[in-house]
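One structure below.
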């Protein structure tokens, strides 16, 4: 039978009490994305005039997976602040990516995304701007 010092036993008790009172972690909300206006958004490569794509956004979370729009992906939130979100996602059989979306206004965001899609690497710096209602 092991004999523990009184100080060691007190440390174990303190750890047990601290663990019992710990608050469970809450899932990140990505609230910044919820504040973005719904509607038609144009995505352009930063510094260029050509439109990459126009999307009708009801849920701005779609901008997280620009290169994997229809894939069933798991997501891991790296950063969730009032003005920026960073998410890593993995799409079995389709690839993976890491996207940071920074809000300038509720109608203008900067997107940096990189990863692997269809076996090829991608890396894009995109400006997304709301242009009006969806048609």
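The values are calculated or read from the model by the stated rules, or taken from the named source; none is laboratory data. This one's a predicted model, so the numbers in the text were calculated from it and none came from an experiment. All Cβ positions, even for glycine, are placed from backbone atoms using ideal geometry, and neighbour counts span all protein chains on display.
Identify, please: which residue in the range 7-62 is on the phi > 0 side of the Ramachandran plot and either surrounded by fewer than 10 Cβ atoms within 10 Å (Cβ to Cβ) or part of a loop (DSSP other than H, G, I, E, B) (or both) and is, among those, modelled with the highest pLDDT?
Within the range 7-62, the match that is modelled with the highest pLDDT is 30.
Go through the range 73-118 and give me each residue that's within 15 Å of the chain's Cα centre (by Cα) and part of a loop (DSSP other than H, G, I, E, B).
73, 81, 82, 83
For the range 63-74, give me each residue that is within 25 Å of residue 104 (Cβ to Cβ), surrounded by 16 or more Cβ atoms within 10 Å (Cβ to Cβ) and free of Cβ contacts under 8 Å to residues at least 60 places away in the same chain.
64, 65, 67, 68, listed by residue number.
Given the options 115, 97, 132, name the one that is buried (at least 16 other Cβ atoms within 10 Å of the Cβ), within 25 Å of residue 38 (Cβ to Cβ) and in contact with a strand residue (DSSP E or B) (Cβ under 6 Å, 6 or more places away or on another chain).
Of 115, 97, 132, the one residue that is buried (at least 16 other Cβ atoms within 10 Å of the Cβ), within 25 Å of residue 38 (Cβ to Cβ) and in contact with a strand residue (DSSP E or B) (Cβ under 6 Å, 6 or more places away or on another chain) is 97.
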